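Reading through the structure tokens given below for one structure.
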Amino acid sequence: MLKDLFHRLKITHPTYLDIGANEAFSISNTYLLYSKGSKGVCIEPNIHLYNEFKKKRPRDISLHAGVAFDQQTEADFYLFPKEANGLGTFSKEEAMFWETTGNSQVGKYNVEKVIKVALVNINEVIVKYFSPHPNLVSIDVEGLDLAILRMIDMHQFRPEVFCVETIGYTANDKETKNEELIGYLLDQGYFIYADTYINTIFCRKDAYPFKEF
């Protein structure tokens, strides 16, 4: 769907900022673009996944880091075991959810260890590596997606496309859509181009020539 959208936007080799990049190949929101010649910056705080990413995607810039919300330069990262399929979070509340409750699709996992991970300022990353902005921002950060979106200076940086995880899980094993996150991007001048139920793809209205708003 992302490949099709960038074809419509006539962006041949879109750049991307992949926050919570996870796997280098499998379940990656950016690997297909990478395989077609694109490149970008991939931020991954899970050291297991970061090491694999750096090895398998050498054309990308890989950062072993999280995103800062204030002046902190590092934070506790709750690292789950490898068999948890890349599960990890900076949110203690989210970590405790997966330890104590989990859900029927993923199960429950115990935190392997808590490690200190460097934090980066997201706007400084964009200034350093992109001109004027990444064409795609992909965010999947286990409960902190909206907080990171709000850190991006939307007046200075206007990516054409966002792909964000908008599904959440509650203690009674119910799945809920993050309506607050969806509403935030709609208010910023984006529309929903596609929804996979787990992820929502947003496109900037003034970048999309095929629809009247």
Worksheet item: If you go through the range 151-184 one residue at a time, how many are hydrophobic (A, V, I, L, M, F, W, C), surrounded by 20 or more Cβ atoms within 10 Å (Cβ to Cβ) and over 23 Å from H13 (Cβ atoms)?
Response: 1
Worksheet item: Of the numbered conditions (1) surrounded by fewer than 19 Cβ atoms within 10 Å (Cβ to Cβ); (2) over 17 Å from F130 (Cα atoms), I61 satisfies every one except a single condition; which is it?
Response: (2)
Worksheet item: Can you name the condition, by its number, that D187 falls short on among (1) surrounded by fewer than 11 Cβ atoms within 10 Å (Cβ to Cβ); (2) under 19 Å from the mean Cα position of the chain (by Cα); (3) not β-branched (V, I, T)?
Response: (2)
Worksheet item: With respect to F130, is the statement that it is more than 20 Å from T73 (Cα to Cα) and in contact with a His (Cβ under 8 Å, 6 or more places away or on another chain) true?
Response: no
Worksheet item: Can you name the residue in the range 31-49 that is in a loop (DSSP other than H, G, I, E, B) and not hydroxyl-bearing (S, T, Y) and, of all such residues, is modelled with the lowest pLDDT?
Response: N46
Discussion item. Checking S28 against (1) among the hydroxyl-bearing types (S, T, Y); (2) assigned to a loop (DSSP other than H, G, I, E, B); (3) in contact with a Gly (Cβ under 9 Å, 6 or more places away or on another chain); (4) surrounded by 16 or more Cβ atoms within 10 Å (Cβ to Cβ), only one condition comes out false. Which one?
Written reply: (3)
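Select, from E93, E124, the only residue that is modelled with pLDDT of 95 or more, surrounded by fewer than 19 Cβ atoms within 10 Å (Cβ to Cβ), out of contact with any strand residue (DSSP E or B) (no Cβ under 9 Å at 6 or more places or on another chain) and not polar (S, T, N, Q).
Details: E93 fails: modelled with pLDDT of 95 or more.
Only one candidate passes the filter, namely E124.
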Discussion item. Checking the conditions here, which among N29, N46, N22 is under 22 Å from P132 (Cα atoms) and of a type outside the set (A, V, I, L, M)?
Written reply: N29
Worksheet item: Which pairs do you get when a residue that is farther than 25 Å from F80 by Cβ, found in the range 115-127, comes within reach of a residue that is small (G, A, S), reach meaning Cβ atoms under 8 angstrom, with the pair 6+ apart or on two chains?
Response: N121/A68
Fill in: Residue within the range 176-190 that is at pLDDT below 95, aromatic (F, W, Y) and either in a strand (DSSP E or B) or over 18 Å from D4 (Cβ atoms) (or both) present
no
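The values are calculated or read from the model by the stated rules, or taken from the named source; none is laboratory data. If you're wondering where the values come from, they're calculated on a predicted model, not measured in any experiment. For neighbour counting, all protein chains shown are included, and Cβ atoms are generated from backbone atoms with ideal geometry for every residue, glycine included.
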